[in-house]
Each structure stands twice: as C-alpha cells, then as structure tokens.
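The values are calculated or read from the model by the stated rules, or taken from the named source; none is laboratory data. On a predicted model such as this, the values are computed, not experimentally measured, just so you know. No Cβ is skipped: glycine too gets one built from the backbone with ideal geometry, and neighbour counts run over all protein chains shown. Side chains are part of the model used for accessible areas, which takes the heavy atoms of the whole protein and leaves out ligands, DNA and RNA. Shrake-Rupley method; radii C 1.70, N 1.55, O 1.52, S 1.80 Å.
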Amino acid sequence: MKRAGSDLDRLGIPGNRLDNGEVTNFEGFDKYLAANRDAGMIACVSYTEGVPAYTQEKPQWRTMPTRLDAFRTHMDKVFGHLKGYPNAQYLEFWNEPDIGFMVGTLEEYLDALKVVRASQQANAPELKITTGGVTVIHPKEKKDFSRDMYLKGKGLYDVACFHAHGSLMNYVERQELLEQWLDSGKIDLPVCNTETGDRSGYTVEIIRRHAETLVRKIVYAKSRNTEFYIWFTLQD
C-alpha cells in the first residue's frame with residue numbers, strides 16, 4: 001500500500017475481541033499496528049461492532065455499553081495500548097451508527113462517546129477522535145442521527161467523519177450537507193471520510209469505474225477542509 005502511494009489505513013478493532021475483563025488480546029492487533037508503523041504509514045483505528053460483555057448489563061452485539069464505569073476501564077486499556085504506537089493518530093468510534101451497525105439511540109451513542117473522549121484526553125491526548133462514519137443520507141438512517149451526532153456531540157470529537165460511496169456527485173452532496181451542519185453549530189473542524197470510492201463489487205467494469213472515481217474524488221476532497229480519506233475496497 002505504501003509503495004502504491006497510500007499513507008493511511010483503517011484498522012478495525014471490535015472491543016470485545018480485545019478485552020473480556022480478565023484477558024486482553026492486544027498482541028493480536030499489534031502485528032497490524034506494527035506493520036503500519038514499519039511501513040511509515042498512519043493508522044486510523046476504527047473501534048466498532050462490539051464492546052466487551054462486562055461493560056453491558058445485558059450483553060448484545062452492536063449495542064452501546066450500559067456500565068459506563070466499566071467501559072471507561074476498558075477504554076483506558078485501549079488508549080493505554082495505542083499510545084505506544086505514534087502511527088495510531090486517529091480513533092474512529094463506530095461504523096455507521098446511524099443505521100443497523102449500531103443497535104440503539106443517539107443518546108446511548110453520545111454517552112459512550114463521552115467516555116471515549118475522557119479516556120483519550122487522560123491517556124493519549126495527542127490521538128484524535130473522529131465521529132462514527134455515518135452515511136449522512138440513507139433510507140434506513142435513524143431520523144436525524146447524522147446531523148444530531150455532529151451537533152450534540154460538539155466537543156467530543158476532533159474530526160467529523162462520514163461515508164460516501166458512489167459517484168462524485170454523491171460525495172459532494174454528503175460532504176457539503178455535513179459542512180452546512182457544522183457551520184450551523186459553529187463547529188470549526190475538518191472532516192474525514194473512512195469509506196469512499198465506487199460501489200463495492202468485483203466485475204471488471206466496476207473495478208475500472210472505481211479507478212476513475214478515485215481521481216475525481218481525490219481532487220474534490222483536496223479542495224475542501226478534508227483531514228483524510230480512505231478508499232473503500234481499494235485493497236480488493
């Protein structure tokens with residue numbers, strides 16, 4: 001990836017696979033963090049899908065923690081480990097929480113994000129927090145979740161994250177709507193996109209179209225206040 005011109009990669013870590021309260025599995029993640037570091041790249045650590053069972057009263061996949069003190073203990077472990085990797089410069093809290101990848105409400109998400117923020121500031125203040133990568137516009141979005149996450153979460157994140165698959169027009173529509181929301185809340189922060197490119201697929205035509213889309217989107221993204229972007233399915 002580095003030789004191909006990429007300088008940043010998104011590394012996913014489901015929290016329940018890292019820590020069960022008694023045993024941690026950070027060494028399983030270390031090989032990816034170390035490979036990223038040794039290649040001279042940057043890591044956006046994407047914390048998603050599941051929290052440890054001990055942070056929930058009723059353990060359930062894709063739901064937020066309900067035992068917030070226990071969740072803080074867990075996040076202290078996470079940030080305490082990540083601070084040993086200077087290449088781990090971002091932590092994205094959850095994947096598309098506005099749709100089915102998070103079961104729960106915006107308020108539950110923000111309660112957890114407050115804990116993430118407090119732990120980051122205490123343990124790894126140099127690392128930046130991004131919001132969950134929301135879809136901004138989606139037929140299955142929990143009503144106003146994307147907008148309210150940015151506005152009500154003010155102060156809890158350093159970079160506003162979103163996703164935009166498809167055409168350049170699709171990207172522009174979402175980024176500029178996001179920028180309008182940030183302006184309305186007097187939030188002066190950059191944005192990032194942790195999933196972009198063309199639609200996922202494996203036919204020759206889609207792969208060819210994907211390459212053309214990358215060029216158009218990279219030019220547009222560089223014209224805005226974009227912190228970084230990650231080309232979804234590029235490795236495929």
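I'd like the FRET efficiency for residue 186 and residue 140, computed as 1/(1 + (r/R0)^6) with the beta carbon distance as r and R0 of 35 Å, rounded to 0.05.
0.70
Taking R0 as 30 Å, what's the FRET efficiency between residue 99 and residue 38 from their Cβ-Cβ distance, rounded to 0.05?
Approximately 0.25, to the nearest 0.05.
Leaving out same-chain residues fewer than 8 places away, which aspartates and glutamates sit with a Cα under 16 Å from that of residue 128?
9, 76, 92, 158, 188, 227
Looking at the chain as a GNM with Cα springs under 10 Å, which of 159, 219, 103 has the largest mean-square fluctuation?
Result: 219 has the largest fluctuation of those listed.
For the stretch 1-74, just say rounded, prolate or oblate: build the C-alpha gyration tensor, square-root its eigenvalues into a ≥ b ≥ c, call rounded for a/c under 1.5, and beyond that prolate if a/b exceeds b/c, oblate if not.
Prolate, since a/c reaches 1.5 and a/b exceeds b/c.
How much accessible area per residue does the chain have, in Å², with a 1.4 Å probe?
Heavy-atom accessible area per residue stands at 48 Å².
Counting only protein chains, not ligands or nucleic acids, how are 91, 156 ordered by accessible area (probe 1.4 Å), most first?
Result, largest first: 156, 91.
For a distance above 33 Å, tell me the whole-number percent of Cα pairs in the chain that qualify.
15
Among rounded, prolate and oblate, which fits the stretch 1-131 when a ≥ b ≥ c are the square roots of the eigenvalues of its C-alpha gyration tensor, a/c under 1.5 means rounded, and a/b larger than b/c means prolate?
Prolate, since a/c reaches 1.5 and a/b exceeds b/c.
With charges set only on the Cβ (+1 for Lys and Arg, -1 for Asp and Glu), what does the dipole of the stretch 32-177 come to about its Cα centre, in debye to the nearest 20?
200
For the stretch 1-58, state which trypsin sites (Lys or Arg not before Pro) are in a DSSP loop and have at most 15 other beta carbons lying within 10 Å of their beta carbon.
Loop-located and lightly packed - 2, 3.
Which pairs in the list 83/143; 2/186; 58/143 are over 28 Å apart, alpha-carbon to alpha-carbon? Display every interim value, and only then the final one.
Numbers: 83/143 36 Å; 2/186 37 Å; 58/143 25 Å.
Pairs exceeding the cut-off: 83/143; 2/186.
If amide hydrogens are placed 1.01 Å from N in the peptide plane, which non-local residues have theirs closer than 5 Å to the one on residue 66?
Those qualifying (amide H under 5 Å, at least 5 residues apart or on another chain) are 56, 57.
Please give the solvent-accessible surface of residue 220 in Å², to the nearest 10, using a probe radius of 1.4 Å with every protein chain present.
Ignoring ligands and nucleic acids, residue 220 comes out at about 30 Å².
Who wins for biggest fluctuation among 99, 129, 207 in a Gaussian network model of the chain, springs between alpha carbons below 10 Å?
For the chain, modelled as a Gaussian network with Cα springs under 10 Å, the answer is 207.
Quick check on the stretch 126-203: take the gyration tensor over C-alpha atoms, sort the square-rooted eigenvalues as a ≥ b ≥ c, and tell me if it's rounded (a/c under 1.5), prolate or oblate.
Since a/c reaches 1.5 and a/b is larger than b/c, the shape of the stretch 126-203 is classed as prolate.
Could you give the distance between the Cα centres of the stretch 121-185 and the stretch 1-23, to the whole Å?
That distance is 21 Å.
Can you compute the helix-only [θ] at 222 nm over the chain? Use -39500 (n - 2.57) per DSSP H run of at least 4 residues, normalise by all residues, nearest 500 deg cm²/dmol.
-12500 deg cm²/dmol
For 213, 66, give me the order by solvent-accessible area with a 1.4 Å probe, most accessible first, ignoring ligands, DNA and RNA. Spell out each step's value before the answer.
Working: 213 10, 66 75 Å².
Largest accessible area first, the list is 66, 213.
What FRET efficiency, computed as 1/(1 + (r/R0)^6) with R0 = 25 Å and r the Cβ-Cβ distance, is obtained for residue 152 and residue 26, rounded to the nearest 0.05?
0.20
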